[in-house]
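Written out below as structure tokens is the structure these notes cover.
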Amino acid sequence: MTLFCFLWAPLFYLFRRSLADGNANASGIGALLLGSIAALVQFFLGDLIHPGGFGLSRWISGWVDIVVLPALLPILIYLIFVFLGFSSASIEFTNFSLLWLIPSGVLRAVSWSSGNDPVFLVLAPVLWTALVCGIPFFIECVRKFPRWYIVIFSLIGILILPFLAATAWWAFYCQKSFQGFFLSGFTLIPMLASLIIAWLKHPKSEE
């Protein structure tokens, strides 16, 4: 499971890039550098929320320290770069976010390895990728199809996806397996949709 946490982000990045033909050149180096800095800061600072038991504080800890904030941070940073004109909106920032998460996955694999808990070592990395693929999927829907109903649906998706991810992690942590699988399934749908669309658009799929 430690190896899964260590390798999931880079392997998923390579898989997705093979489908989407993403460009990672300069932005990829920047993502790895910034992701390394963020991972080291988080590693040395430790958890920002110290949960007790299985209640609301544990859910907030999952949101801030484990699942949501680590995945949202690279998305927000890239959007700031686009706004400032440092990066192009046409370059897929999902790849940027996946590269950002590689150092975090390495350090988390080290810090979580002693517990050997799949909720941390397996579920958390999968939920990271669900968020960094799912949220850009909704943003791309707004950009390409700016009809009011698509915009509203996409905004709802952007808002609700982090809540689903954090709650799915919390449910598994609390050993509520049925709720965990149910919420995880919904969290993964936008990511799977983005992969299917990327595969259909891939040049090899048109031959």
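Among residues belonging to segment 50-77 that are under 27 Å from Phe93 (Cβ atoms) and free of Cβ contacts under 8 Å to residues at least 40 places away in the same chain, point out the one that is surrounded by the fewest Cβ atoms within 10 Å (Cβ to Cβ).
Only one residue tops the list, namely Leu76.
Among the listed residues Ser111, Ser87, which satisfies the condition of being at pLDDT below 90, outside any helix (DSSP H, G or I) and not aliphatic (A, V, I, L, M)?
Selected residue: Ser87, the only one of Ser111, Ser87 that is at pLDDT below 90, outside any helix (DSSP H, G or I) and not aliphatic (A, V, I, L, M).
Run down Leu164, Leu99 and say which single residue is surrounded by 15 or more Cβ atoms within 10 Å (Cβ to Cβ), in contact (Cβ under 8 Å) with a residue 60 or more places away in the chain and part of a helix (DSSP H, G or I).
Leu99
Would it be correct to say that Ala124 is more than 25 Å from Ile29 (Cβ to Cβ), touching a residue at least 40 places away in the same chain (Cβ under 8 Å) and assigned to a helix (DSSP H, G or I)?
yes
Could you tell me how many of the residues in segment 167-188 are part of a helix (DSSP H, G or I) and touching a Lys or Arg at 6+ places or on another chain (Cβ under 8 Å)?
Final tally of qualifying residues: 2.
Looking at segment 36-45, can you tell me whether even one residue there is in contact (Cβ under 8 Å) with a residue 24 or more places away in the chain, part of a helix (DSSP H, G or I), out of contact with any Asp or Glu (no Cβ under 8 Å at 6 or more places or on another chain) and surrounded by fewer than 14 Cβ atoms within 10 Å (Cβ to Cβ)?
Yes; the residues of segment 36-45 include at least one that is in contact (Cβ under 8 Å) with a residue 24 or more places away in the chain, part of a helix (DSSP H, G or I), out of contact with any Asp or Glu (no Cβ under 8 Å at 6 or more places or on another chain) and surrounded by fewer than 14 Cβ atoms within 10 Å (Cβ to Cβ).
From the list Leu76, Leu131, Leu127, Leu164, exactly one residue is of a type in the set (A, V, I, L, M), closer than 24 Å to Arg17 by Cβ and touching a Phe, Trp or Tyr at 6+ places or on another chain (Cβ under 7 Å). Which is it?
Leu127
The values are calculated or read from the model by the stated rules, or taken from the named source; none is laboratory data. Keep in mind it's a predicted model, so treat the numbers as computed, not measured. Ideal geometry is used to build each Cβ from the backbone, glycine not excepted, and the neighbour counts take in all protein chains shown.
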